[in-house]
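The values are calculated or read from the model by the stated rules, or taken from the named source; none is laboratory data. Note that this is a predicted model, so its numbers are computed, not measured. Here the Cβ positions follow ideal geometry from the backbone for every residue, glycine too, while neighbour counts run over all protein chains shown. Note: areas computed on protein heavy atoms with side chains; ligands, DNA, RNA excluded. Shrake-Rupley method; radii C 1.70, N 1.55, O 1.52, S 1.80 Å.
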Amino acid sequence: MARETKRQVQFVIKISKFCNLRCSYCYEFEELGQRERMSREQLRAMYEHMRDYYVKRDREDAARTHVHIVWHGGEPLMIEPEYYWQSLEDQREIFGDALTVSNFVQTNLTVLDDERIRLLRDGFDHVGVSVDLFSGLRVNIAGRDQQSRVVANMERLRSEGVPFGCITVLTRRNLGRVKDTFAFYEKAGIGFRVLPLFDGAYDDQHLAYDITVPEIVSALSEMTDLWLESDTPVQVSPLDSHFQIVLRHLNPDAPRVYFNQREWMSVMVVNTPGDVYAYGDPYEDPEASLGNIFTTPLGELLSGTRFEASAVAAETRMAANCLNCKYFGACSGAPIASNRDNVHTVVDGIAVCDVERAVLEHIELRLRSSDVVDPDGRIRAAPAPAVDPVA
Ligand code: SF4
């Protein structure tokens with residue numbers, strides 16, 4: 001019997017734009033006072049459309065899809081926990097045994113009480129905390145830095161046994177503190193993602209703390225070196241996947257992978273009114289929306305003229321960048337085709353893959369100058385384990 005292919009899809013759910021903070025760089029800045037949220041019925045309709053589409057696709061492709069729901073905002077924990085418990089119950093009812101699902105929440109962790117701790121521990125599968133450590137840009141409406149409160153709440157999560165990871169946005173304010181940032185997470189044993197600053201909500205929003213592409217590359221390269229030199233390394237994204245790409249690149253026998261949005265759309269954003277966007281598209285632009293998942297079957301959203309335009313745009317980005325990139329195949333092209341977070345430069349309307357490629361080069365250089373790879377670039381075989389004569 002043929003083995004089932006396992007695959008994943010991620011939906012970033014903008015449950016509400018409402019937030020108690022006003023982080024200077026927030027790309028939702030102008031909407032953070034809006035209290036509208038998705039209703040329970042709308043979420044149920046979304047789950048039904050997901051189930052109908054992926055169960056059918058799984059049957060056709062002899063595959064098994066795992067759905068990742070990422071609760072995102074605004075600040076998702078401004079909403080009462082009961083709302084999420086009901087929706088998690090709705091997921092169990094609607095997905096049943098047909099689909100597996102996990103729930104991730106991205107929070108600023110400024111609002112935490114016993115009920116929210118219970119939700120984070122027993123309701124959600126993963127928790128991501130947004131904290132920049134040295135920027136001073138994560139402020140409340142009065143402009144006061146919330147850092148100490150967040151770090152105190154991180155301590156509380158640890159003492160309550162709630163595992164979590166962090167996201168740190170890289171700006172000019174913390175650019176010089178890469179070493180301290182890494183040391184903080186290393187000492188705490190917390191994995192984290194470095195997210196270089198990208199486009200904001202309006203022109204000139206980032207003027208006071210913007211960073212250049214060479215600065216981003218330099219910071220990520222420094223982070224790479226710190227990670228390689230660490231005796232107790234923690235997981236650092238996206239460097240973990242970058243290492244995998246370089247190791248695949250150095251191994252001629254490793255399978256090649258190519259992103260193809262027409263075959264599988266791996267990440268989508270669902271905006272608060274229900275409009276769906278490919279993660280590579282500008283989701284603030286209604287013209288880029290694939291349609292509404294509350295009212296429209298997912299199969300219709302992932303076909304038709306809007307989907308075609310989105311797929312062509314992704315293919316155009318790949319053609320302009322990946323076809324002359326030595327990592328193409330080891331890298332699927334997804335970093336530039338389907339991840340708007342990676343766009344820092346646009347030339348003639350087309351995004352340029354200037355950060356990812358340069359960081360891959362740096363990692364390759366470091367591996368080649370270590371004893372991990374042979375002079376010909378192949379991964380050095382691990383020495384055979386010594387035989388214990390007593391055993
Ligand atoms: S250009 Fe960028 S996205 Fe494309 S293969 Fe190279 S590193 Fe990957």
- Item | Positions within the stretch 102-128 being of a type in the set (A, V, I, L, M, F, W, C), in a loop (DSSP other than H, G, I, E, B) and free of Cβ contacts under 8 Å to residues at least 60 places away in the same chain, in sequence order | L109, L112, F124
- Here are V127, V178, V139, V162: which of them is under 18 Å from G74 (Cα atoms), under 22 Å from the mean Cα position of the chain (by Cα) and surrounded by 15 or more Cβ atoms within 10 Å (Cβ to Cβ)? V127
- For the stretch 357-369, which residues satisfy the criterion of being more than 8 Å from the ligand (Cβ to nearest atom) and surrounded by fewer than 22 Cβ atoms within 10 Å (Cβ to Cβ)? A358, E361, H362, E364, L365, R366, L367, R368, S369
- Specify which of the listed residues (A334, A319, A330, A314) is crowded, with 19+ Cβ neighbours inside 10 Å and more than 9 Å from the ligand (Cβ to nearest atom). A314
- Selection status of K17, of a type outside the set (D, E) and touching a helix residue (DSSP H, G or I) at 6+ places or on another chain (Cβ under 7 Å): yes
- Every listed condition ((1) in contact with a Ser or Thr (Cβ under 9 Å, 6 or more places away or on another chain); (2) within 16 Å of the ligand (Cβ to nearest atom)) holds for R306 save (2)
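Pick out the one residue from D285, D281, D354, D348 that is buried (at least 17 other Cβ atoms within 10 Å of the Cβ) and away from the ligand (no atom under 12 Å from the Cβ).
Working: D285 fails: buried (at least 17 other Cβ atoms within 10 Å of the Cβ); D354 fails: away from the ligand (no atom under 12 Å from the Cβ); D348 fails: buried (at least 17 other Cβ atoms within 10 Å of the Cβ).
Only one candidate qualifies: D281.
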- Query: List pairs: first in the stretch 315-341 and in contact (Cβ under 8 Å) with a residue 40 or more places away in the chain and more than 15 Å from S266 (Cβ to Cβ), second of a type in the set (V, I, T) and surrounded by fewer than 20 Cβ atoms within 10 Å (Cβ to Cβ), Cβ under 8 Å, 6+ apart or cross-chain?
  - Reply: G329/V257; A330/V257
- Across the stretch 129-147, what is the number of residues that are touching a Gly at 6+ places or on another chain (Cβ under 9 Å) and not in a loop (DSSP other than H, G, I, E, B)? 3
- Message: Among the residues that make up the stretch 1-10, is at least one of them among the acidic types (D, E) and touching a strand residue (DSSP E or B) at 6+ places or on another chain (Cβ under 8 Å)?
- Response: yes
- Within the stretch 181-221, can you find the residues that are open to solvent by 30 Å² or more (accessible area, probe 1.4 Å), part of a helix (DSSP H, G or I) and more than 22 Å from V352 (Cβ to Cβ)? A183, F184, E186, K187
- Message: Only one of T65, T110 is at pLDDT 95 or above, of a type in the set (S, T, N, Q) and within 24 Å of the chain's Cα centre (by Cα). Can you tell me which?
- Response: T65
- Evaluate the following for R256: is it surrounded by 15 or more Cβ atoms within 10 Å (Cβ to Cβ), in contact (Cβ under 8 Å) with a residue 24 or more places away in the chain and over 21 Å from the mean Cα position of the chain (by Cα)? no
- Look at the stretch 62-81 and say how many of its residues are more than 25 Å from N140 (Cβ to Cβ) and surrounded by fewer than 20 Cβ atoms within 10 Å (Cβ to Cβ). 6
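Quick one: count up the residues across the stretch 150-168 that are in a loop (DSSP other than H, G, I, E, B), in contact (Cβ under 8 Å) with a residue 40 or more places away in the chain and either out of contact with any Lys or Arg (no Cβ under 7 Å at 6 or more places or on another chain) or farther than 15 Å from R121 by Cβ (or both). I'd like the intermediate steps shown before the answer.
Going residue by residue through the stretch 150-168, those that are in a loop (DSSP other than H, G, I, E, B) are 160-164.
Right, trim to in contact (Cβ under 8 Å) with a residue 40 or more places away in the chain and you get 160-162, 164.
Imposing the further condition that a residue be either out of contact with any Lys or Arg (no Cβ under 7 Å at 6 or more places or on another chain) or farther than 15 Å from R121 by Cβ (or both) reduces the set to 164.
Selection size over the stretch 150-168: 1.
From the list Y47, Y27, which residue is open to solvent by less than 20 Å² (accessible area, probe 1.4 Å) and either in contact (Cβ under 8 Å) with a residue 60 or more places away in the chain or of a type in the set (S, T, Y) (or both)?
Numbers: Y27 fails: open to solvent by less than 20 Å² (accessible area, probe 1.4 Å).
After ruling out the rest, the residue left standing is Y47.
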- Near pairs, Cβ below 9 angstrom, 6+ apart or cross-chain, from the stretch 129-149 (more than 22 Å from K179 (Cα to Cα)) to any residue that is part of a strand (DSSP E or B) and open to solvent by 60 Å² or more (accessible area, probe 1.4 Å): V139/D145
